[in-house]
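For reference, the structure is listed below as structure tokens.
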Amino acid sequence: MSTDQSPFERENMTNAALFERAQRVIPGGVNSPVRAFRAVGGTPRFIARAQGAYMWDAEGRRYIDYIGSWGPMILGHGHPVVLDAVQRAAADGLSFGAPTEREIELAEAILAQVPSMEQLRLVSSGTEAGMSALRLARGATGRAKIIKFEGCYHGHADALLVKAGSGLATFGHPTSAGVPPEVVQHTIVLPYNDVAALEAAFDAHGRELACVMIEPIAGNMNFVRASLPFMARLRELCTLHGALLVFDEVMTGFRVALGGAQALYAKALPGFKPDMSVFGKVIGGGMPLAAFGGTRAVMGQLAPLGPVYQAGTLSGNPVATACGLATLREITKPGFFEALSQRTRALVDGLVREAHAAGVPLVGDSEGGMFGFFFADRLPRDYGVVMATDKERFNRFFHAMLERGVYFAPALYEAGFVSAAHTAADVDATLSAAREVFAALK
Ligand code: KE4
């Protein structure tokens, strides 16, 4: 596009024209792969603006947004209190590279809701938080090996971009080019919800394990819960062998419940708590902010106190902390999660009801403001089952709903999100669109 085009002409660029132009200057036309619609096909929508539960694309089409920036927008887009906090903070300065009171306030606000953590450090992305937590676990234990689970995603740090090796003896293989095998040689990948595999891995490597990192509800497999027996056994084995249990709550934190998924497990398993936790998304309210935390003893190993180095120019950024703090203040108000949970459950139950009425197999689940659904007869319990669900039907459903102004996650392995701005009317509109689409999906 020539730069002398009038703003009016620029305003008229279609999604397809923008995608074509984007691909000339940005790999795949996107700054994060899932946005390219490769899993579902078609042309991604270039978003011009968003407000409340809605987004508008470059062609002026409105969508009910069930992605919410992949989780952060729990209040909906453009919440006035959040916008005001961000605008005030920005007016006082965008970044100082020096400590601020608001970083203390945000840390205090997060720790107040997550009793398993005594201290935390703020960073700029979930990847950075997961990578830092991993290095800290290794530094604090003096051990190198780690366990992660197939289907769980913890950001794109090299050591975590690993798929299951063949059998336990061989460690994971990189899922990405550019990650040398020796970088992932200490990463064991196990099937999710598989107690026997867990016990075998601890038998073989227990004393060498620095940590086990897990998504307690796996939103990167759409929506798969870790079973209580599995989670209880995981906690026992970590304690027995001196490995740190690291909860990756980047997606579930302050989304499935105020205290994250760990609050739910602590209710079901009295005394349960992870040793470290990773947060992101909601705690930044849509701005680049994430965190990792744990006991004072573990966190005290971090520079400048201890030998584990970790740093960041924009860590604890004053505008991002204002956005996160304003968001947390809203979601800690009485009744917030009860209302959000009810609205989300009404959506999922409605989708399942409409699908079954049309003779289409669909199962769904939700917790707080996070949900998932599968074109299958039973809720999957691991990655293999998720990936075996009806992808063709999902993709047809995705596009038919998109055409009707409903924007679900563009991949069958991604979770969905409802915000406080979604109304009962939005859910009803979604379900009436789904009724039409399921009829054609038989
Ligand atoms: P970021 O580096 O994208 O902020 O966070 C990485 C991350 C870590 N842990 C969990 C459980 C996550 O879900 C994520 C990021 N989630 C993806 C959605 N599946 C973000 C969307 C994207 O990659 O564009």
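Read through the list (1) under 19 Å from Val256 (Cα atoms); (2) open to solvent by less than 20 Å² (accessible area, probe 1.4 Å); (3) not charged (D, E, K, R), then give the number of the only condition that Thr423 fails.
If we test Thr423 against (1) under 19 Å from Val256 (Cα atoms); (2) open to solvent by less than 20 Å² (accessible area, probe 1.4 Å); (3) not charged (D, E, K, R), just (2) comes out false.
Those residues that are touching a helix residue (DSSP H, G or I) at 6+ places or on another chain (Cβ under 6 Å) and closer than 20 Å to Phe272 by Cα, I need them from the stretch 117-137; list them, please.
The answer is Met117, Glu118, Gln119, Leu120.
When the stretch 69-105 is examined, which residues are found to be open to solvent by 40 Å² or more (accessible area, probe 1.4 Å) and either acidic (Asp, Glu) or under 28 Å from Glu367 (Cα atoms) (or both)?
Residues satisfying the conditions are Ser69, Trp70, His79, Pro80, Val81, Leu83, Asp84, Asp92, Glu101, Glu103, Glu105.
Look through the stretch 382-392, keep the residues that are within 19 Å of the chain's Cα centre (by Cα) and part of a helix (DSSP H, G or I), and return whichever of them is surrounded by the fewest Cβ atoms within 10 Å (Cβ to Cβ).
In this case the residue turns out to be Met387.
Looking at Phe417, Phe438, Phe408, Phe398 in this structure, which one is more than 23 Å from the chain's Cα centre (by Cα) and open to solvent by less than 10 Å² (accessible area, probe 1.4 Å)?
Residue meeting the stated conditions: Phe438.
Quick one: which of Leu302, Leu258 is away from the ligand (no atom under 12 Å from the Cβ) and open to solvent by 10 Å² or more (accessible area, probe 1.4 Å)?
Leu258
How many of the residues making up the stretch 232-255 are hydrophobic (A, V, I, L, M, F, W, C), within 21 Å of Val189 (Cβ to Cβ) and within 16 Å of the ligand (Cβ to nearest atom)?
5
Count, please, the residues in the stretch 333-345 that happen to be open to solvent by less than 60 Å² (accessible area, probe 1.4 Å) and either more than 12 Å from Gly368 (Cα to Cα) or touching an Asp or Glu at 6+ places or on another chain (Cβ under 9 Å) (or both).
Qualifying residue count, the stretch 333-345: 3.
Tally the residues that are more than 11 Å from Leu237 (Cα to Cα) and under 27 Å from the mean Cα position of the chain (by Cα), restricting the search to the stretch 197-208.
Number of matching residues: 1.
Can Ala129 be described as in a helix (DSSP H, G or I), crowded, with 22+ Cβ neighbours inside 10 Å, within 20 Å of the chain's Cα centre (by Cα) and at pLDDT 95 or above?
Answer is yes for this residue.
Of the residues that sit in the stretch 197-244 and are small (Gly, Ala, Ser) and in contact with a Phe, Trp or Tyr (Cβ under 9 Å, 6 or more places away or on another chain), which one is nearest to Met276 (Cα to Cα)? Walk me through it before giving the result.
Residues of the stretch 197-244 that are small (Gly, Ala, Ser), as a first pass: 197, 200-201, 204, 206, 210, 218-219, 226-227, 232, 242-243.
Next, only the ones that are in contact with a Phe, Trp or Tyr (Cβ under 9 Å, 6 or more places away or on another chain) stay: 218-219, 226, 232, 243.
Values: Ala218: 17, Gly219: 19, Ala226: 17, Ala232: 16, Ala243: 11 Å.
Among them, the one singled out is Ala243.
With Ser132, Ser176, Ser124 as the choices, which residue is within 16 Å of the ligand (Cβ to nearest atom) and without any contact (Cβ under 8 Å) to a residue 24 or more places away in the chain?
Unique residue meeting the criteria: Ser176.
Across the stretch 196-235, which residue is nearest to Met131 (Cα to Cα) among those that are of a type in the set (D, E, K, R) and either in a strand (DSSP E or B) or in contact with a Cys (Cβ under 9 Å, 6 or more places away or on another chain) (or both)?
This residue is Glu215.
Under the condition of being buried (at least 22 other Cβ atoms within 10 Å of the Cβ) and under 18 Å from Gly78 (Cα atoms), which residue from the stretch 270-299 is nearest to the ligand (Cβ to nearest atom)?
Selected residue: Lys281.
Could you name every one of the strands (runs of 3 or more DSSP E) located completely within the stretch 9-68 that has at least 1 residues being of a type in the set (Val, Ile, Thr), surrounded by 14 or more Cβ atoms within 10 Å (Cβ to Cβ) and more than 16 Å from the ligand (Cβ to nearest atom)?
62-65
The values are calculated or read from the model by the stated rules, or taken from the named source; none is laboratory data. Note that the coordinates shown come from a computational prediction; the quantities given were computed from them, not determined experimentally. With ideal geometry, Cβ positions are generated from the backbone for all residues, glycine too; neighbour counts draw on all protein chains shown. Accessible surface is based on the protein model in full, side chains and every heavy atom, while ligands, DNA and RNA are left aside. Shrake-Rupley method; radii C 1.70, N 1.55, O 1.52, S 1.80 Å.
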